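Please read the structure below before turning to the comments.
The values are calculated or read from the model by the stated rules, or taken from the named source; none is laboratory data. What you are looking at is a predicted structure, and each value in this text was computed from that prediction instead of being measured. Here the Cβ positions follow ideal geometry from the backbone for every residue, glycine too, while neighbour counts run over all protein chains shown. When the accessible area is computed, the model is the full protein with side chains, heavy atoms only, and any ligands, DNA or RNA have been set aside. Shrake-Rupley method; radii C 1.70, N 1.55, O 1.52, S 1.80 Å.
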Amino acid sequence: MALQALQSSGVAFRKILSHFPEELSLAFAYGSGVYRQVGPSSDQKNAMLDFVFTVDDPVAWHSQNLKKNWSHYSFLKVLGPKIITTIQNNYGAGVYYNPLITCDGRVKIIAMNENVALRSALDKNLKSAVTTAFLMLPESFSEEDLFIEIAGLSYSGDFRMVVGEDKTKVLNIVKPNIAHFRELYGNILQENPQVVYKIQQGRLEIDKSPEGQFTQLMTLPKTLQQQINHIMDPPGKNRDVEETLFQVAHDPDCGEVVRLGLSAIVRPSSMKQSTKGIFTAGVKKSVVYSSLKLHKMWKGWLRKAS
């Protein structure tokens, strides 16, 4: 399906897209190469640029990409697009990762087709991120507090935050980009009946009553609800999810339970995805990529110590 380039996308990004097959449902770039960060990732000019492509038919897309960009793949390319897709879909986060690719020199959406279901899923994902963050925050908090929680959701339980990532990564992402976060989440916050959003002061107040928390818990993604149920449901009790969430809503440690549920989702996925990366990227690229990450983490330590 032909892609409609969004006005917010730059020519440089679209030029990079031209190197790849066109059959994309969504393409976006993220990381320090797109949005300014502080700390070790602050050099945007030389920063690595990360792209995510979503496709309707992975086998067909990999088949075309192998013809156009054979060198991008590891030794798995000799096994063909079907095996590549099987490895992509069945292990880790459902992503096939090719690191350290060189294109024309160098979260921004570049192109997206007119897919109502995809747009709805993206909107729902933003709202779910806000709700999850609410549950882990106190009754009153700043915009920065909220955006730090949201930006940190995908790192909760990620073993790479122990080895391989700068410990201040989330804070470094949020601080220079408050305006971008506000633009992305502002309407959701203003329309949420459980929130008092004091825009001028940059402060928010959320309903932390058991009733308010239960409402929030009931709107969480099903996978997270099930993980919370698994954590809280004693052996042999076999309570349904709604009953467990009602109990959690009355628990003073509700936020920590939600955080444990997140970690239970992220941790195994991040470990499998990283292990899979050795095969999808190849041993040489994996070593180089890991070395770059460890160097960045080391710079973060030195910066914090000075």
Enter the accessible area of Asp240 (Å², nearest 10), with the probe set to 1.4 Å and all protein chains included. 90
Run the simple label-point estimate for Glu242 and Lys82 please: 7 Å along Cα→C-beta, distance reported in nm. 4.5
Mind ranking 183-196, 76-89, 127-140 by how tightly packed they are, going by the mean number of other C-beta atoms within 10 angstrom, highest first? 127-140, 76-89, 183-196
If DNA, RNA and ligands are ignored and the probe is 1.4 Å, what is the ranking of Val55, Val258 by accessible area, most exposed first? Val55, Val258
Simple SL model, points at 7 angstrom along Cα→Cβ for Lys68 and Glu183; separation in nm is 2.7
